[in-house]
Amino acid sequence: MAGTRALAFLGGVVAVSGMSPSTMRLSRAVLARGMLLAAATPPPSPLAVPPAHLALELGRRTFGRTLTTAAIGSLLVPPSALAALGAAAPTLAAAAMKTRVFEVRTPALELRQFRALLLPNGLRVLLASDKEAERAAAALCVRAGYFDDPAGVPGLAHFCEHMLFLGTSKYPAEDSFDSFINSAAGANNAYTASESTCYYFDVDAPRLPDALDRFAQFFVKNGPLFTPAATSRELNAIESEHSKNLQQDSWREQELLKLVSRRLSQQTEKSVVSEPHPYAKFGTGNKRTLSEEPERGGVDVRAELLKYHSSKYTAERMGLVVVGEKSPQPA
């Protein structure tokens with residue numbers, strides 16, 4: 001529809017509905033990307049950051065005085081520091097007594113209004129208002145991907161992504177979310193990457209509140225049902241996706257590089273490398289890795305799904321972006 005604008009920003013991946021490329025300004029995409037880079041990392045403690053990066057990290061904590069600060073502050077923290085920040089995040093979130101609200105600096109010609117929030121549970125949120133929008137959209141990125149798959153169940157993160165769409169405690173029907181999104185003239189999708197899993201949708205603007213209520217059930221504790229029947233059936237979808245991937249040269253090239261990574265790890269002295277890099281993991285999964293082999297090893301895949309969701313899908317690991325027609329209000 002001409003003039004319709006709805007963007008869902010996922011760490012630099014932009015989903016656009018009804019907007020011609022000529023009307024989309026780069027500043028909007030860059031802004032959202034920098035913000036979500038900041039949102040995808042847990043709230044840190046300044047003491048956990050090396051002095052050389054303290055200024056950048058403090059800038060990132062407040063979503064950056066500039067876009068560069070937000071992005072670089074998220075990317076330059078060493079892995080050891082990130083581990084410390086991740087361990088400290090639940091304590092910091094629990095200690096927060098109220099929602100923190102941050103103003104977002106935008107270009108002078110930017111027509112939208114933005115507001116950034118850090119909720120008491122550690123969830124980072126970016127709200128965007130476009131009064132001319134006829135569409136609304138939301139995206140949530142979880143800082144967990146196939147690198148986090150347990151050794152005995154390759155593809156579990158991807159399997160979890162699929163299962164969240166198949167019924168929740170509040171909306172138990174397996175097709176509840178998809179049916180609602182379709183009725184709101186919308187679309188939805190998700191993907192699992194190495195270190196993140198992202199979900200997004202768009203709908204007619206007036207339907208956003210109801211869509212968000214259904215969307216939120218994916219991420220709350222004990223929200224997704226992971227029913228045994230749905231778990232068994234969805235394995236067929238995973239297997240089908242794997243079969244499709246086998247026909248793609250880019251996917252085969254990636255799997256070859258992973259094989260090389262595993263072989264190199266095996267040839268390295270154990271004192272140097274004790275196990276392959278997570279990159280070598282089989283991130284997609286298939287029936288063999290998600291059903292046949294776990295069954296032979298006495299592993300309950302549904303129990304592993306519940307454990308994975310409970311431990312990885314926590315608020316301090318999440319960043320949410322919502323775009324709609326209403327003005328973002330302070331909490």
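For the stretch 120-142, enumerate the residues that are in contact with a helix residue (DSSP H, G or I) (Cβ under 7 Å, 6 or more places away or on another chain) and surrounded by fewer than 22 Cβ atoms within 10 Å (Cβ to Cβ). Within the stretch 120-142, Pro120, Asn121, Gly122, Leu123, Glu134 qualify.
Phe114 fulfils the conditions (1) within 30 Å of Ala184 (Cα to Cα); (2) at pLDDT below 90 except for a single criterion, (2). Taking the stretch 93-187 as the region of interest, the strands (runs of 3 or more DSSP E) fully inside it that hold 1 or more residues being within 28 Å of Gly285 (Cβ to Cβ) are 135-142. The residues of the stretch 206-223 that are open to solvent by 10 Å² or more (accessible area, probe 1.4 Å) and either modelled with pLDDT under 95 or over 12 Å from Phe177 (Cα atoms) (or both), listed by number, are Pro206, Arg207, Leu208, Pro209, Phe219, Val220, Lys221, Asn222. Exactly one residue among Ala151, Ala185 is on the phi > 0 side of the Ramachandran plot and over 19 Å from the mean Cα position of the chain (by Cα), and that residue is Ala185. In the stretch 281-293, the qualifying residues are those that are of a type outside the set (S, T, N, Q) and buried (at least 20 other Cβ atoms within 10 Å of the Cβ), and the one that is nearest to Lys244 (Cα to Cα) is Gly285. For the stretch 92-111, the set of residues classified as surrounded by 13 or more Cβ atoms within 10 Å (Cβ to Cβ) and at pLDDT below 85 consists of Leu92, Ala93, Ala96, listed by residue number. Residue under question is Glu241, and the condition is that it be open to solvent by 50 Å² or more (accessible area, probe 1.4 Å) and in contact (Cβ under 8 Å) with a residue 12 or more places away in the chain; does it hold? Yes; evaluated as a whole, the condition is true for this residue.
When Leu259, Leu264, Leu246 are screened for being open to solvent by 80 Å² or more (accessible area, probe 1.4 Å) and free of Cβ contacts under 8 Å to residues at least 24 places away in the same chain, only Leu264 passes.
The values are calculated or read from the model by the stated rules, or taken from the named source; none is laboratory data. All values derive from a computational prediction rather than experimental measurement. Note that each Cβ is placed from the backbone with ideal geometry, even for glycine, and that neighbours are counted across all protein chains shown. Side chains included, ligands, DNA and RNA excluded: accessible areas come from the protein's heavy atoms. Shrake-Rupley method; radii C 1.70, N 1.55, O 1.52, S 1.80 Å.
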